[in-house]
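Student: Supplied in structure tokens, the structure appears directly below.
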Amino acid sequence: MIMDGQTTANGTTVVDGPGSPTESTKEQYNESATKVDSNKRELTTNTKLMRTAEALDMNRPFFVPIGKDGLSVALQKLNQQLKDAGYPAILSKKKPSTWMGKEINPGQIGLVNHGGLPKLITRPGKYPGFPIGNWWAREWHGKKGLSDTVISFQGITAVQVSQNQAAVVSDPQNQIFVIKNAGFVAYAVEGSYSVLSVVDQTHLPTVVRDDITQAALGWTHEVVMKSKTGEGNKDYVVALFLNIPANNCAILQKDDDLEVVAAGQHYITNPNVTLRGLYALGENQLEMPTKDMYTKDQVPVSLTIYLKWQLTKPLLLATHGYHTPYEALRDKTQSILTQIVAHLDYGAMVKQRTLGPDNMEDGTETSSAFLDALRTRAMDDLLMAALEYGIDLKDLAVIDRKFKGDIAAAMDQLTTRGLQAQVEASNVDRENSNKTKQAEGIYKVAQVKAKTQNTQADVEASNVIIAAKAQAQSVLIQAEAQAKATILAAEAEAEAIKIKARADAEIRDAFARDMAARRLEVSRVEAFGPKTIFVPTEGLGAQMGNAMATGMAAQMGVQN
């Protein structure tokens, strides 16, 4: 059985961008692709693999799906079907007590073996044992939760799976079916229902990778069932689960029919359907070394090419028997490049080393036979071959080539000498450049130092000038202040003398005037000292003073 599959149709691939084939090439491919599609039409558009009915839609005896009412209601429906068919009921009629016995809580069911037949207790409470509860023909087998994923007891099987879960079940006729996001309860009158596995579809254990690009193509899980044969017990795969990521796909095969399965969660239980392979539909790129090829003059050469592709029609690739696009591109690329190199000589291949989109758009290098041959023949031939396999070849470039033999050794020696000369020249240039840069650095440092010294001298001179100006200004201000103070003092003293004179002039009493004259004399003596002799400068007193002065001078001369 194949579930959740998807079939895709074929179409014509159009290649654009650098290196695309010409319009005539596209028309030729469209004609050939039409023939290919007509021959393989039964694999793509008109044929779908056989699909079986859903597990819950099949008519099985005593098989009740679990609806939104839960397991209890499904058990009541199954019990009624058994009673209507003349089989013993599976629900016990015993009533609970409140004081002793086996206790069943809400959300649980009790399992009882009643003479080899199953009995289920669904009502919560306590159930007393022998002899009160008449248990001599019964045997208690424990309790189960109503929400348990799997309940299996004496022919009764209940399965309930949640989101992302899938239960693989074998019915009494050994037919395998899968339950997803649902559940059922069944009673096997003959044989048994066996739950082989409960699978988490989002976390499958086995990862499938591309052997070349190492990209994850998807995840798988095989469910096995033990079968007893004459040679003993053996494991047989009965179900295959697939988890395919976005932008990938799987191809299933039944006899000569193929079908594409899109990304998502899928499972296969039909033994006639096998997994052909998983494929990546996104862009991939890879550097691919080629095998040794021989030029026209028998010089061995190996190329390293860069390929960028996208698989657009996986059915075409699988129909041709390839497991990966790389295998198809590798064979065709090797064949086409071998034919091209065989028609070129050594000299033509040396002139051009790489091939890429820039080189292909530039047609000025007409002297390069290698480039012209790759551009005109390799690209068109490879694009045609890739489209035939359902591959959109987006880019092709020759990134390296190596010649072998005596010519290769001579070239290596010449190349080594040339590289040594280049290295020596580069070293000399580097040394000269370093010396020049060092001298330039010393010159710049000297310039910076000179500029710094000039700036410092200017600052010091400016400071001296400012200090001298400040000092001169200070002296000037001080002199002006002192002169003003002297003038003010003299003016004040003169004013005081005037005031005193006016005061003395205003004295009318003789005694007061005499006292004022005496105070003046006292002040004069205090000012000049008590030993000072005051000589009159006018009249008789002045003459006497002169005589006294002459006598004192004569005496001082005699003593000396």
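Student: Pop out the ³J(HN,Hα) list for the stretch 293-299 in order, Karplus 6.51 cos²θ - 1.76 cosθ + 1.60 with θ = phi - 60°, rounded to Hz; leave Gly and Pro as x.
Tutor: Ordered by residue, 3J(HN,Hα) equals 10, 10, 6, 5, 9, 6, 9 Hz.
Student: List every residue whose amide H lies under 5 Å from the amide H of D345, counting only residues 5 or more places away in sequence or on a different chain, with H placed 1.01 Å from N in the peptide plane.
Tutor: Amide H neighbours of D345: K296.
Student: Considering amide H positions built from the backbone, and no H for Pro or chain starts, which residues 5 or more places from G129, or on another chain, come under 5 Å of its amide H?
Tutor: Sorted by chain and number, the residues that satisfy this are K102.
Student: Now a separate question. Straight-line reach from K68: which lysines fall under 20 Å, measuring Cα to Cα and dropping same-chain residues less than 8 apart?
Tutor: The reachable lysines, counting only those whose Cα sits under 20 Å from K68, are K77, K144, K180.
Student: For the stretch 98-108, what does the Karplus curve 6.51 cos²θ - 1.76 cosθ + 1.60, with θ = phi - 60°, yield as ³J(HN,Hα) per residue in whole Hz, taken in order and with x for Gly and Pro?
Tutor: Each residue of the stretch 98-108 in turn: 10, 10, 6, x, 5, 9, 10, 8, x, x, 10 Hz.
Student: Students often check this: by mean Cβ neighbours within 10 Å, which of 465-473, 118-126 ranks highest, and how do the rest follow?
Tutor: Numbers: 465-473: 9.9, 118-126: 17.9.
For the peptides 465-473, 118-126, the packing ranking is 118-126, 465-473.
Student: Would you mind checking which residues have amide H under 5 Å from V261's amide H? H placed 1.01 Å from N; only 5 or more apart, or other chain.
Tutor: Correct list: Q6, A250, I251, L252.
Student: Right, next: Rg (Å, one decimal) plus Dmax (Å, integer) for the alpha carbons of the stretch 193-254?
Tutor: Calculated on Cα positions, Rg and Dmax stand at 15.0, 46 Å.
Student: Can I ask one more? Let me check I've understood the local charge: for V112, count other residues with C-beta under 11 angstrom from its C-beta, Lys and Arg +1, Asp and Glu -1. What total comes out?
Tutor: Working: positive: K94, K102, K119, R138, K143; negative: E139.
Taking every other residue near V112 into account, the sum is +4.
Student: Keeping all protein chains in place, calculate the accessible area per residue for the stretch 203-348 (probe 1.4 angstrom), answer in Å².
Tutor: Solvent-accessible surface per residue comes out at 47 Å².
Student: Please turn the phi angles of the stretch 109-118 into ³J(HN,Hα) values with the Karplus equation 6.51 cos²θ - 1.76 cosθ + 1.60 (θ = phi - 60°), one per residue in order, whole Hz, x for glycine and proline.
Tutor: 10, x, 10, 10, 8, 10, x, x, 10, x
Student: Just add up the charged neighbours of S162: K/R +1, D/E -1, any other residue whose Cβ is under 15 Å from the Cβ of S162.
Tutor: 0
Student: With every protein chain left in place, what is the accessible area per residue of the stretch 49-196 in square angstrom, probe 1.4 Å?
Tutor: About 53 Å² of surface per residue is accessible.
Student: Taking the Cα-to-Cβ direction at I507 and at A489 and moving 7 Å from each Cα, how far apart do the two end points lie in nm?
Tutor: The answer from the label model is 2.8 nm.
Student: Using every Cα-Cα pair within the stretch 49-196, state what percent have a distance larger than 21 Å.
Tutor: Summing the P(r) tail past 21 Å for the stretch 49-196 gives 46 percent.
Student: Please report, as a whole percent, how much of the solvent-accessible surface of the stretch 184-255 comes from carbon and sulfur atoms (probe radius 1.4 Å).
Tutor: On the way: 1780 of 3800 Å².
Carbon plus sulfur share of accessible area: 47 percent.
The values are calculated or read from the model by the stated rules, or taken from the named source; none is laboratory data. Only a predicted model underlies this, so the values are computations on that prediction, with no experimental measurement involved. In this analysis, Cβ positions are derived from the backbone assuming ideal geometry, glycine residues included, and neighbour counts consider all displayed protein chains. Accessible surface areas use protein heavy atoms only, side chains included; no ligands, DNA or RNA. Shrake-Rupley method; radii C 1.70, N 1.55, O 1.52, S 1.80 Å.
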